[in-house]
1. What number comes out for the charge environment of Gln130, summing +1 per Lys or Arg and -1 per Asp or Glu over other residues with Cβ under 12 Å away?
2. Quick one: net charge of Val113's neighbours, Cβ under 13 Å, K/R +1, D/E -1?
3. Can you check what the net charge comes to around Ser51, using other residues whose Cβ is under 10 Å from the Cβ of Ser51 (Lys, Arg +1; Asp, Glu -1)?
4. Would you mind telling me the share, in percent, of accessible area of region 99-155 contributed by carbon and sulfur at probe 1.4 angstrom?
5. Below 8 Å, C-alpha to C-alpha, sequence gap of six or more: please give me the relative contact order for region 65-200 in percent.
6. Please give the per residue accessible area of region 110-200, computed with a probe of 1.4 Å over protein heavy atoms only, in Å².
7. Just report the Cα centroid separation between region 46-119 and region 127-175, whole Å.
8. Looking at this model, which pairs from Lys108/Lys190; Lys33/Lys123; Lys73/Lys123 are more than 32 angstrom apart at the alpha-carbon?
Amino acid sequence: MKKLITLFTGCLLLASCSKNTFDTSKELLEYIKQPENGYLYAKTVNGVDFSLLYKPTDLLVNQELTGESPASKVDSLRSKYGEYMYFTLSMSKNNQELLSTIAGNKQKFGAMVNELAFGMEQKVHLYTPQKDTIAMADYIYPRMYGMSGSTTMLFVYPREEKVTNREYLTLTIEDLGFYTGEVKFKIPTKMINNEPKLKF
């Protein structure tokens, strides 16, 4: 009976490990894009669609590794990227980039370009249940010039133990002029601490 329990426990551990490790970045992306796995959050407010995706470290490691890169680089890259948490925020209205919806108003368009490119640090906030704000390390806003169905940007925050040992984090987006009010996403930290990996 003891052997049977040990065997069963071993199989269970193996199953949970294998579910968290993927052969390709495509498989990993498909996994994190399933809302039930806890890495993708979405809501619609006043006609604006918001989606927030947590990007595991290994996706960034994989982007930097080229065909010629030795596998020995994996650990150093994991160490480098593992110091931060990465969130991709996508926003759209009528399946268009936010800028596309105000293209007819030059003044409003110019102000929003400026805000998206330089002012999101004042608009997007990440904080703990104790209301401790986590300072944004960086964010990237690639201009798509109407070629995309959404406005998408990457937000980078330091991964510190005093942050990841909280039960959850809250990410908020202030109103960007679309009468949405403040939009909030509650992110359980267990998903970040047990993020899926790639087999390199």
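1. With Lys, Arg at +1 and Asp, Glu at -1, the net is +1.
2. That sum, taken over residues with Cβ under 13 Å, equals +1.
3. Value of the local net charge: +1.
4. In region 99-155, the share of accessible area belonging to carbon and sulfur is 54 percent.
5. Values: 180 pairs, mean separation 35.1, N = 136.
Reported as a whole number, the value is 26 percent.
6. Values: 4850 Å² over 91 residues.
It amounts to 53 Å² per residue over region 110-200.
7. 10 Å
8. Beyond 32 Å between Cα atoms: Lys108/Lys190; Lys73/Lys123.
The values are calculated or read from the model by the stated rules, or taken from the named source; none is laboratory data. Here the structure is a predicted model, which is why all the values come from computation and not from measurement. Please note: Cβ atoms are built from the backbone with ideal geometry, for glycine as well, and neighbour counts cover all protein chains shown. Ligands, DNA and RNA are stripped out before the accessible areas are found, and what is left, the full protein with its side chains, is counted by its heavy atoms. Shrake-Rupley method; radii C 1.70, N 1.55, O 1.52, S 1.80 Å.
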